Structure formats: C-alpha cells, structure tokens
1. Examine the stretch 54-63 for a residue that is at pLDDT below 95, within 30 Å of residue 168 (Cβ to Cβ) and buried (at least 16 other Cβ atoms within 10 Å of the Cβ), and state whether such a residue exists.
2. Within the stretch 9-23, identify whether any single residue is out of contact with any helix residue (DSSP H, G or I) (no Cβ under 8 Å at 6 or more places or on another chain), crowded, with 17+ Cβ neighbours inside 10 Å and among the basic types (Lys, Arg), and answer yes or no.
3. Just to check your reading of the model, which residue among 128, 115 is out of contact with any His (no Cβ under 9 Å at 6 or more places or on another chain), in contact (Cβ under 8 Å) with a residue 24 or more places away in the chain and among the hydroxyl-bearing types (Ser, Thr, Tyr)?
4. Out of the residues in the stretch 31-46 that are in a loop (DSSP other than H, G, I, E, B), touching a helix residue (DSSP H, G or I) at 6+ places or on another chain (Cβ under 8 Å) and at pLDDT below 95, state the one that is farthest from residue 84 (Cα to Cα).
5. I want to confirm something. Restricting to the stretch 24-49 and keeping residues that are in contact (Cβ under 8 Å) with a residue 12 or more places away in the chain and of a type in the set (Gly, Ala, Ser), which single residue is most open to solvent (accessible area, probe 1.4 Å)?
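The values are calculated or read from the model by the stated rules, or taken from the named source; none is laboratory data. On a predicted model such as this, the values are computed, not experimentally measured, just so you know. All Cβ positions, glycine included, derive from the backbone under ideal geometry; neighbour counts span all protein chains shown. When the accessible area is computed, the model is the full protein with side chains, heavy atoms only, and any ligands, DNA or RNA have been set aside. Shrake-Rupley method; radii C 1.70, N 1.55, O 1.52, S 1.80 Å.
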Amino acid sequence: VYSFFKVGSKHEGKGMTGASHFLEHMMFKGAKKYGKGEFDKVIEANGGFSNAYTNYDQTVYYEKMPIAALENILDLEADRMQNLLLEQTGFDSEKKVVLEERKMRYENSPRGQRYVTYMNQMLKGTPYEHPVIGTINDIKTVSRDSVFKYFKDYYAPNNAIMVIVGDIDYGKT
C-alpha cells in the first residue's frame with residue numbers, strides 16, 4: 001500500500017521549512033485508535049514493514065504486508081490521516097531527532113554541505129530553494145500548532161492518492 005500526498009517542501013512557507021519531512025516522522029508516532037507505538041506493532045505483527053520519504057513535491061508512505069492484513073493497514077492509514085496525535089512531548093522529542101538527522105546528513109558532511117549550498121543558490125527565488133529537511137532555525141522554532149495546521153491543510157483524502165498492489169480482490173478492496 002502506497003499513500004502519496006501532494007505535499008513536499010515546495011509547499012512550505014517561511015518559518016515552516018521541513019514541515020513535510022517532520023510530519024513524515026510524526027505520522028508513525030500514533031493516532032486516536034492506534035496510539036503511541038501501535039503503528040509499528042501492527043505492521044510487524046502482520047509480518048510487514050513500512051517506511052516513508054519526502055521530497056520537494058510529495059510525501060509518500062508505504063507498507064508491505066501479506067494480503068490478509070490489508071484491512072488492518074487501511075484502518076491504520078485512515079486513523080493517522082484523520083486523527084494524528086501530534087502530542088507536544090513527542091513533537092519536542094522528534095525535533096531533536098530531525099536536527100540530528102540534518103546534522104549527520106548536511107552539517108557534518110562536506111558533500112551534504114555542498115548539496116545544500118548548491119540547491120539554495122541554483123534555485124534561489126523558487127519553491128525549491130530550501131532543503132527538504134528544513135533549515136536549522138525553522139526546525140528549532142516551528143510550533144506544534146503550526147505543524148498541526150499544515151497537517152490539516154495537506155494530509156487529507158482530497159490531496160492523496162493510494163495505490164494498492166498485490167493479490168487483491170478488486171471489488172472488495
């Protein structure tokens with residue numbers, strides 16, 4: 001199951017750089033029905049795995065599981081799309097994770113530093129000028145409420161495409 005959301009770093013405004021990538025992390029942290037830690041437990045208990053990625057134009061979540069678990073995964077996806085928790089404690093904790101990720105990929109990497117500088121200079125004045133992961137300042141200062149509003153604006157069925165492949169019953173699915 002692939003869920004494509006038409007939202008990436010090009011949709012982020014000033015002070016919100018990295019919001020799409022940050023939400024990529026937060027979408028695995030729990031929702032109303034499947035709380036903290038439950039998403040991964042359900043996936044793994046059904047013999048599957050999941051991951052996600054964000055780029056300039058989109059954010060994509062995917063799960064690979066046996067067909068018998070299709071109903072479970074659709075329920076998980078519906079829950080996190082409608083009822084993402086985005087609790088303040090988890091939000092603050094995940095900021096540290098994203099800052100470490102940025103540090104590892106860019107600040108502590110000559111190649112990463114060149115890439116960020118190149119993209120910023122080459123694409124200055126376009127929606128693609130800032131890094132997908134966001135700027136250090138925005139990651140540090142963005143509020144939980146502004147990220148939640150961003151989530152509500154973009155992570156909805158009218159901004160998503162879901163692709164399901166495998167040995168499915170087309171009519172039932």
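1. Scanning the stretch 54-63, I find no residue that is at pLDDT below 95, within 30 Å of residue 168 (Cβ to Cβ) and buried (at least 16 other Cβ atoms within 10 Å of the Cβ), so the answer is no.
2. yes
3. So the residue among 128, 115 that is out of contact with any His (no Cβ under 9 Å at 6 or more places or on another chain), in contact (Cβ under 8 Å) with a residue 24 or more places away in the chain and among the hydroxyl-bearing types (Ser, Thr, Tyr) is 128.
4. 46
5. For the stretch 24-49, the residue satisfying everything is 47.
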